[in-house]
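Reading through the structure tokens given below for one structure.
The values are calculated or read from the model by the stated rules, or taken from the named source; none is laboratory data. Keep in mind that this is a model prediction, so the values were computed, not measured. Note: ideal-geometry Cβ built from the backbone for every residue, glycine included; neighbour counts use all protein chains shown. The area values use the complete protein model at the heavy-atom level, side chains included, leaving out ligands, DNA and RNA. Shrake-Rupley method; radii C 1.70, N 1.55, O 1.52, S 1.80 Å.
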Amino acid sequence: MGKVSHRLIAPISHARYLLVVPVYDPGESFFRFLPELCGVLGQSASRFRIQVVDDGCDESVASRITRFVEDLDAPGVKVSPVLPLAANSGKGAAVYTGWRTGVGESWYGFVDCDGSVPAAEVLRLALLAEEVGESTVVLASRQPAPNRMLKRRTHRHLLGRCFAAAVRLGIGLDVHDTQCGLKWVPATGFRNVAQILSESRFAFDVDLLATMKRSGYRLREESISWADTEHSTVRLWRDIPAMAASLLRLTFKFRFRSASPVGSSPKSG
């Protein structure tokens, strides 16, 4: 698989936070979640910009998403026009394409479009990122904790634990949950490492986190509330081989090949 494209896209805002919502074959939950997300973020004193990225949806779905975003009433939040990809390129490609629209923002984040992550948790972790400082990546985790509600299907939970064990064994990244669909990354950190990120699909989170850590950024894992939704674009028996192949590539990258960080190390927060 070739490297993720790093073509720059014209910037359009000066918010404090840039939040990308990647969409591909979204269910109805997306159309409920986005207004809720805008409502929660719009009540914050912090400035947010939301960038929906269409990861190659079919024409009718893409048109519906575009109209929905155009008509969205979102006081207090900048909602940019939908950014379409020419073809399905993977969640990581969609996230990185959205992040490359950034200008002036201090934090780049993404959240799954299906509402598995409550909107309130998106805001809470954004404010936590500001608190811990720009030398730290804040990643949500589906790890049991007081006052956090988890609703997960057993087979998804078991698959996640197996994946985490494989990441720990193969790459040496000791993170409970690399795949949870909410992360906040320092904008300067992403710009420093963007050219050496190579995964665009299932394991892009692992690639991003391992590269950021190798470049001197701390990883702050924070338990959140989470509820599995009915709609998922992951098909276990189809996608497990692709996930395994991604991990093998990353094991080679981080264990057996020099993957020196680029750019400057973070300043202490």
Zone residues, segment 92-120, relative to residue 16, backbone N less than 19 Å from point 7 Å out along Cα-to-Cβ: 102-111, 119-120
Per residue value of the accessible surface for segment 41-176 (all protein chains in place, 1.4 Å probe), Å²: 44 Å²
Carbon and sulfur %, accessible surface of segment 57-126 computed with the full protein complex present, 1.4 Å: 53 percent
Cut-off under 5 Å, modelled amide H: who pairs with residue 110 long-range: 20, 183
Nearest-20 debye value, segment 44-166 charge dipole, Cβ charges on Lys, Arg, Asp, Glu: 600 debye
Positive-end extreme of charge dipole, segment 51-119 - chosen from 79, 66, 98 (charges on Cβ): 98
Net charge of Cβ neighbours under 14 Å - reference residue 131; Lys, Arg +1; Asp, Glu -1: +1
Theoretical FRET efficiency, 1/(1+(r/R0)^6), r = Cβ-Cβ of residue 131 and residue 31, R0 25 Å, to 0.05: 0.20
In Å², nearest 10: area of residue 149 left accessible to a 1.4 Å probe: 120 Å²
Karplus (6.51, -1.76, 1.60) ³J(HN,Hα), θ = phi - 60°, over segment 182-188, in Hz, Gly and Pro reported as x: 8, 8, 10, 10, x, 4, 5
